[in-house]
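Trainee: Please find one structure pasted underneath; my questions will follow.
Every number here is computed from the coordinates shown, using simple stated rules; none is lab data. On a predicted model such as this, the values are computed, not experimentally measured, just so you know. Glycine gets a Cβ as well: all are built from the backbone with ideal geometry, and neighbour counts include every protein chain shown.
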Amino acid sequence: MTEIIIAGFGGQGVLVMGQLLAYAGMLEGREVSWYPSYGPEQRGGTCNCSVVISHEEIGSPIVSEPDAAIIMNRPSLDRFEPTLKTGGILVYNSTLVDRKPERTDLQVIAIPANALADELGSSRVANMVALGAFLRASEVVSPESIAKSLENVLSTRHHHLIPLNMQALERGRAYQY
Amino acid sequence: MAKVLMKGNEALAEAAIRAGCRAFYGYPITPQNEVPNYMARHLPERGGVYLQAESEVAAINMVYGAAGAGVRVMTSSSSPGLSLKMEGISYIAAAELPCVIVNVMRCGPGLGGIHPSQGDYFQAVKGGGHGDYRLLVLAPGSVQEMADLTFEAFDLADKWRNPVMILADGLLGQMMEPVEFGDKEPQVVEKPWATTGARGRKPNIINTLDIVPESLEKRNYALAEKYGRMGEAETRWQEYKTADADLIVTAYGTSARVARSAVDMARKEGLRVGLIRPISLWPFPQAPFALLADGLRQFLVVEMSMGQMVEDVRLAVNGRGSVHFYNRLGGMVPTPRDVLAEIRKVLGGGGGQ
């Protein structure tokens, strides 16, 4: 069972990242769950989701001790760094997070997600850059499954952005950290 | 049909449309908003009526009207909204009209908060509205069951001419899981009692006023007799590893998901623990308790309430085993580890009450 937290500001696309992971897991025949934080969040406020991908039936979809975290902003690093399991994967967006993780028992991947996304022409795909970096470190689902999930998870009006999203995913996977 | 990834609220709404629901009346409240959202988008294009009422009170009375006209109809709300609907629900039960009522529970009392809770068990199962009536209450435990039980709820409502309540919570409504809809067809039920226009026949009258005690008493006994038959026919539950268990954890909905993980963790430690998950909350599944409560086994009820279903478990166990209780409140969801700690505590020797 792999338990993942994805966290950032509202508007950074963290819920979509989680849905892509869950959808890809489902395509690969696994049990999956996705659960959003649904407090009084709004654009600019903090936002996170829990994703569980498992070979067995999933109990609670709420992740309290993640195997992996994808962190898109500083408040999320402060909140979730202490909760990761020993040996867990911590991917963080080093463009926006202005400190290094303190823990030494984690596999830490710093990815300048916004900077790389800007190079591709849109900071809005920073989430896909970070997801790409995560997929290289974790292998919980294949990049091919994520690619297949895009057209199901993104609403039809965003389908013209799928090529850009794929580019961003590849950029994140290729990044040398 | 392939599986799709959906929120519980959306899966429930899609299942309702597939079950032939052709009228939806509601008023917005978190955490059930995806239900009216989905209905607003999809019900009109599939031949139905979606209407956002001016209040919950208006919505439930629109349900009363549509149900009387023989239409498959649903309303959905969350806890404080359900309180507002209670008068109408009592009328619909008294008039013996079929409809489906959804409660995606949030935490209370009062305005409370928007996070998951199971604090409306009493309201759903013991009455809630005035007078003597029963709802058939079904408690889904997954997104798949949000769909399956809602689909079935429409058939059950028609079968018994009675409101059926789906008692879910914010977690089940908001979470996404794979769901499969299959290709089941809804049952088509003749409704000779419906107010469909009296051309060529005597008018049908739907009315709950009956001021002659001798006459009302007859109606009450008839309802009681129906509830008795419903109680015998519609009880459902799921058992998990109960056969050799020293301790039976009992929980429904979200709590049952957590409890099941805790049971697996306990089994790995060599503790003999099982789970009874009531799926129908009314009628409450007495049978598995009657069978398993042998005076040796203990019971642990896990709820996200101050202790509501635990009363029904005590009645069912009927003194033949100690019944322990563990809860979280205020929108907090217990973790499997919390429940495991409680299991260890109970099996470690502490006597029940």
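Trainee: What ratio of Cα Rg to 2.2 N^0.38 Å holds for region B:1-124?
Mentor: 1.02
Trainee: Taking the Cβ of each residue in B:Trp237, B:Trp193 as the centre, tally the other Cβ atoms inside 10 Å and list the residues starting with the fewest.
Mentor: B:Trp193, B:Trp237
Trainee: On the first, second and third principal axes, largest extent first, how far apart are the outermost C-alpha atoms of region A:2-174 in Å?
Mentor: 39, 39, 35
Trainee: Shielding by partners for A:26-34, please: the mean number of other protein chain Cβ atoms within 10 Å of each residue's Cβ.
Mentor: So the per-residue partner count for this stretch is 4.
Trainee: Next up: When each pair of different Cα atoms in region B:237-347 is counted once in the 1/r mean, what is the Kirkwood radius in angstroms, to one decimal?
Mentor: 13.5
Trainee: Of B:Pro203, B:Gly128, B:Ala139, whose Cα points farthest to the positive end of the dipole of region B:122-212 (charges on the beta-carbon: +1 Lys, Arg; -1 Asp, Glu; origin at the Cα centre)?
Mentor: B:Pro203
Trainee: Give me the Kirkwood hydrodynamic radius of the protein assembly as shown in Å, from all C-alpha pairs, to one decimal place?
Mentor: In the protein assembly as shown this quantity evaluates to 24.6 Å.
Trainee: At a 10 Å Cβ-Cβ cut-off, how would you order B:Met265, B:Met74, fewest neighbours first?
Mentor: B:Met265, B:Met74
Trainee: Past the 20 Å Cα-Cα mark, which pairs from B:Lys159/B:Lys184; B:Lys126/B:Lys191; B:Lys7/B:Lys241; B:Lys85/B:Lys126; B:Lys191/B:Lys218?
Mentor: B:Lys126/B:Lys191; B:Lys7/B:Lys241; B:Lys191/B:Lys218
Trainee: Jot down the per residue volume, in cubic angstrom and as a whole number, of the convex hull over the alpha-carbon atoms of region A:48-142.
Mentor: Per residue, the Cα convex hull of region A:48-142 comes to 102 Å³.
Trainee: Can you list the residues, at least 5 places off or on another chain, whose amide H is less than 5 Å from the amide H of A:Ile109, using H built in the peptide plane?
Mentor: A:Leu90, A:Val91, A:Tyr92
Trainee: Translational D (Stokes-Einstein, µm²/s) of region B:102-160 at 25 °C and 0.890 mPa s when Rh comes from the Kirkwood sum over C-alpha pairs?
Mentor: 188
Trainee: When you look at the Cβ of every residue in B:253-262, what mean number of other chain Cβ atoms sits within 10 Å?
Mentor: So the per-residue partner count for this stretch is 3.
Trainee: Here is a further query. If you take each beta carbon of peptide B:172-180 and count the beta carbons of other chains within 10 angstrom, what is the mean?
Mentor: Neighbouring Cβ atoms belonging to other protein chains average 6 per residue here.
Trainee: Given 20 °C and 1.002 mPa s, compute D for chain B with the Stokes-Einstein relation, Rh being the Kirkwood radius over Cα pairs; round to the nearest whole µm²/s.
Mentor: Once the numbers are plugged in, D ends up at 103 µm²/s.
Trainee: Quick one: B:Leu223, B:Leu43, fewest Cβ neighbours within 10 Å first, how do they rank?
Mentor: In order of increasing Cβ crowding within 10 Å: B:Leu223, B:Leu43.
Trainee: For chain B, take the longest principal axis of its alpha carbons; what is the angle in degrees between that and the long axis of helix B:336-347, to the nearest 10 within 0 to 90?
Mentor: It is inclined by approximately 60 degrees.
Trainee: Using Cα positions and a limit of under 13 Å, work out the aspartates and glutamates in reach of B:Lys226, with same-chain residues fewer than 8 apart set aside.
Mentor: The qualifying aspartates and glutamates are B:Glu96, B:Asp132, B:Glu234.
Trainee: Separation of region B:156-177 and region A:12-29 by C-alpha centroid, Å?
Mentor: That distance is 27 Å.
Trainee: Once phi is turned into θ = phi - 60°, what whole-Hz ³J(HN,Hα) does the Karplus curve with 6.51, -1.76 and 1.60 give for every residue of region A:93-100, x standing for Gly and Pro?
Mentor: 7, 6, 5, 9, 8, 9, 9, 8
Trainee: Another question, if that's okay. In the neighborhood of B:Tyr50, defined by Cβ-to-Cβ distances under 13 Å, what is the net charge if each Lys or Arg adds +1 and each Asp or Glu adds -1?
Mentor: Here the count lands on +2.
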